[in-house]
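To start, the structure under review is shown below, and the notes come after it.
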Amino acid sequence: MKVHLINPSALAFGVGVITPRWLYVLAAATPESYGDPIITDETLDPWNPLTVSAGDVVGIGIHTGNALRGYEIGNLARARGAYVVFGGIHATLYPEESSALGGAHAVVKGDGDLVWARVIEDCGRNAPLAMYDGGKVEGGEFKPARWSLLPPNKYMWASVQTVRGCPKHCSFCSVWKTDGQRPRQRGVDAVIDEIVDLRRRGFRFIALADDNFYPVTLEDLAMAARRQDKSRLEELKAMRDERFELMEGLASLPNDMVFFTQITMEAAEDPEFLAAMKKAHIKGALVGVEAVTPEGLKDVYKDFNMSGEHLVDRLRAFRHNGVHVLGSFIFGLPSDRPETFNLTAELAERSGVTFAQFVMLTPFPGTVDFAAWEKTIDPKVEQIDGVPITRHWLIPKGKQPKVYVPHPLMSPDEIRMRTQAVWDRFYSWRNIWARAHCVESMKSRIAFVMISKLYRQMYANTGIATDSARINRSATWARLIAKPCQRLFAAPPMPELQVPARRMSELQGV
Ligand code: SF4
């Protein structure tokens, strides 16, 4: 009996941007007695069903965007006599769907780190349960990924997780519902060990694949300090101290390392934290800006963000501390007006963000926005090929509509057109070249231009997902430049690298 782990994708690029971490975490969670799992990431190459034999276990991880391809794989694997197990965010939200449409024998809800071994054992006994609840595993129990199984020279960035969960509750995001609002921080030593393992293998660019790298804000501390009972304050301080300890650990790693994370804008108001990020080689961060007006921020329950000139100041503060920002902006918010698009483009340029993405407000399953949108649709009337559009991810590719939250004034086409124009403006050759001056050498500038164009090709598919000709053109282009980009990120392996001595002496109490 072999164990297969599959990351479904309708498009293969030959090279991936970031390692799909869950594959290697579940590989680590697979009991040794079953041998090395066979891992397929379809963003690299399509899966071959002939690799599966009767009695094998096939684990498929899905999010909404790849659920349909995941179900295809599940049915093919089941037809070959394998045990089919689904997990991931989408399977957690809609477990019954994987059984009804994906040929699942079992579905795992929540974290797979601990429960996966039991699922395999049960399959081995020919007695898998229909449902397993992996729950929310504590930070100390997160499995380190088994990077020894990674194919060489296939990914630009590796990924390591330091915290799961986010205390916020943004309306368009499902993280706080699926991963919970209580941050679960992983021990510093486990994180550093894993990064050392990756650097030995030639990865110097590492994405800290966290929901929110800054889970305790100065405002949280101030609020807790005002309470009579100081226990919450102590708890928050301990979490904050642990973040600093982690950043100390990162700072002690080789100087050529570059970390990227996801963080809320509030970190920009915390000079001590920014300084620690700089020391820790955290040189990039995805910041959810979402909207540039106070009304827009209210629309998405994100009024802890800044707007207007304050926003420009916050984003620049990251830059002044050596942190390049990938700003994420949402269009189609109820308060957006036609002039919002230019205002946003202008602000994105002025605030010094290095990269930006502009997405249309989409009701993703598991979010507050989705629940509100679903109520406005009559599933018996609004269907395509018999599938209600509230389950649009099940509509066959080619007919699948892009679904957006309806806007009070603008049509989806108008929002789409205007959003595309903002992408075009931000990623024009002239603007990219101007931003390329954030790096010194000519070689680095050329690399910056290539990466900007690659990013544009891979992610700017605003509203054109049904246009398969354009998707294919985009994918061909991305495939062409992905390989040279991968080489730019690769570093000479450091097989001799040890866990930094300073950390070791701390551990030994020296
Ligand atoms: S968008 Fe970011 S800050 Fe908001 S809930 Fe999701 S992870 Fe947290």
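I'd like to compare 24-34, 59-69: which one has the highest average count of other Cβ atoms within 10 Å, and what's the full order after that?
The most tightly packed comes first, giving 59-69, 24-34.
Report the full-extension gain for the segment residue 239 to residue 443: residue separation times 0.36 nm, less the Cα-Cα distance, to one decimal in nm.
Here the segment from residue 239 to residue 443 would lengthen by 69.4 nm.
Set the Förster distance to 30 Å, then compute FRET efficiency between residue 279 and residue 189 from the Cβ-Cβ distance, nearest 0.05.
0.95
Quick one: length gained pulling residue 130 to residue 342 fully straight, 0.36 nm per residue minus the C-alpha distance?
Taking residue 130 through residue 342 to full extension adds about 71.2 nm, to one decimal.
Can you work out ³J(HN,Hα) from phi for every residue in the range 109-126, in order, using Karplus 6.51 cos²θ - 1.76 cosθ + 1.60 and θ = phi - 60°, giving whole Hz and x for Gly and Pro?
Karplus values, whole Hz, x for Gly and Pro: 9, x, 6, x, 3, 9, 7, 4, 4, 5, 4, 5, 4, 5, 5, x, 8, 6.
Per residue, how much space in cubic angstrom lies within the convex hull of the C-alpha atoms of the range 211-317?
Cα convex hull per residue, to the nearest whole number: 106 Å³.
Enter the per residue convex hull volume of the range 75-124, computed from alpha-carbon coordinates, in Å³ rounded to the nearest integer.
Hull volume over Cα atoms, normalised by residue count, gives 65 Å³.
Any idea what the alpha-carbon Rg over 2.2 N^0.38 Å comes to for the chain?
So the Cα radius of gyration is 0.97 times the expected 2.2 N^0.38 Å.
Using the crude model of +1 on Lys and Arg Cβ and -1 on Asp and Glu Cβ, and no other charge, please compute the dipole size for the range 1-152 relative to its Cα centre, in debye to 20.
Value, rounded to 20: 140 debye.
Counting each DSSP H run of 4 or more residues in the chain as -39500 (n - 2.57), what helix-only mean residue ellipticity at 222 nm follows after dividing by all residues, to the nearest 500 deg cm²/dmol?
-12500 deg cm²/dmol
In debye to the nearest 20, how big a dipole does the range 139-290 give about its Cα centre with +1 on each Lys and Arg Cβ and -1 on each Asp and Glu Cβ?
Roughly 440 debye, rounded to the nearest 20.
With a 10 Å radius around each residue's Cβ, average the other Cβ atoms per peptide and rank 329-338, 102-111, highest first.
Ranking the peptides 329-338, 102-111 by packing returns 102-111, 329-338.
Return one whole number: the accessible area per residue of the range 28-176 in Å², for a 1.4 Å probe.
Value for the range 28-176: 39 Å² per residue.
For the range 162-271, taking Cα atoms only, what is the radius of gyration to one decimal and the Dmax to the nearest whole Å?
15.2, 51
Enumerate the amide H contacts of residue 262 below 5 Å, restricted to partners 5 or more residues apart or on another chain; note that Pro and chain-start residues carry no placed amide H.
210, 213, 286
Would you compute the Debye intensity of the range 68-211 from its alpha-carbon atoms alone, equal scatterers and no solvent, and pass along log10 I(q)/I(0) at q = 0.09 Å⁻¹ to two decimals?
-0.34
Where in the range 64-96 does the label zone of residue 54 land, with the point 7 angstrom along Cα→C-beta and an amide N cut-off under 13 Å?
Within reach of a label on residue 54: 79-83.
FRET efficiency for residue 479 and residue 229, Cβ-Cβ distance as r, R0 = 45 Å, nearest 0.05?
Between residue 479 and residue 229 the formula returns 0.20.
How many nm is it between the label spots at residue 380 and residue 411, if each spot is 7 Å from the Cα in line with the beta carbon?
With each label placed 7 Å out from Cα toward Cβ, I get 2.9 nm.
Within straight cross-link reach of residue 237, meaning Cα distance under 15 Å, which aspartates and glutamates are found once same-chain residues fewer than 8 apart are removed?
Filter leaves 219, 220, 229, 245, 270, 272.
Roughly what % of DSSP beta bridges within the chain run antiparallel, to the nearest 5?
Close to 10 percent.
Which entries of 2/143; 397/443; 380/453; 375/453 have Cα-Cα distances beyond 31 Å here?
The answer is 397/443; 380/453; 375/453.
With all protein chains present and a 1.4 Å probe, how do 458, 360 order by accessible area, largest first?
Listed by decreasing accessible area, they come as 458, 360.
For a protection proxy built on the mean count of beta-carbon atoms within 10 angstrom, sort 81-88, 201-208 highest first, please.
81-88, 201-208
Which aspartates and glutamates have a Cα lying under 13 Å from the Cα of residue 136, excluding residues fewer than 8 positions away in the same chain?
Reachable aspartates and glutamates: 111, 113, 179.
Under 20 Å Cα to Cα from residue 483, which aspartates and glutamates show up? Leave out anything in the same chain fewer than 8 places away.
Once the sequence-local aspartates and glutamates are set aside, what remains near residue 483 is 41, 42, 45.
For the range 104-163, build the convex hull from the C-alpha positions and give me its volume per residue in Å³.
Considering the Cα atoms of the range 104-163, their hull volume per residue is 123 Å³.
On the protein heavy atoms, probe 1.4 angstrom, tell me the percent of accessible surface of the range 154-198 carried by carbon and sulfur.
53 percent
Any idea what the dipole of the chain comes to, in debye rounded to 20, about its Cα centre with Lys/Arg Cβ at +1 and Asp/Glu Cβ at -1?
Using Cβ point charges on Lys, Arg, Asp and Glu, the chain gives about 1300 debye.
Specify which residue in the list 383, 161, 52 is farthest towards the positive end of the charge dipole of the chain, using unit charges on the beta carbon of Lys, Arg (+1) and Asp, Glu (-1), about the Cα centre.
In the chain, that residue is 52.
Find the centroid of the Cα atoms in the range 358-390 and in the range 64-107, then give the distance between the two in whole Å.
21 Å
The values are calculated or read from the model by the stated rules, or taken from the named source; none is laboratory data. Owing to the predicted nature of the structure, the values given are computational and were not obtained by experimental measurement. So basically every Cβ, Gly included, is an ideal-geometry build from the backbone, and we count neighbours across all protein chains shown. Please note that ligands, DNA and RNA were not included when accessible areas were found on the heavy atoms of the full protein model with its side chains. Shrake-Rupley method; radii C 1.70, N 1.55, O 1.52, S 1.80 Å.
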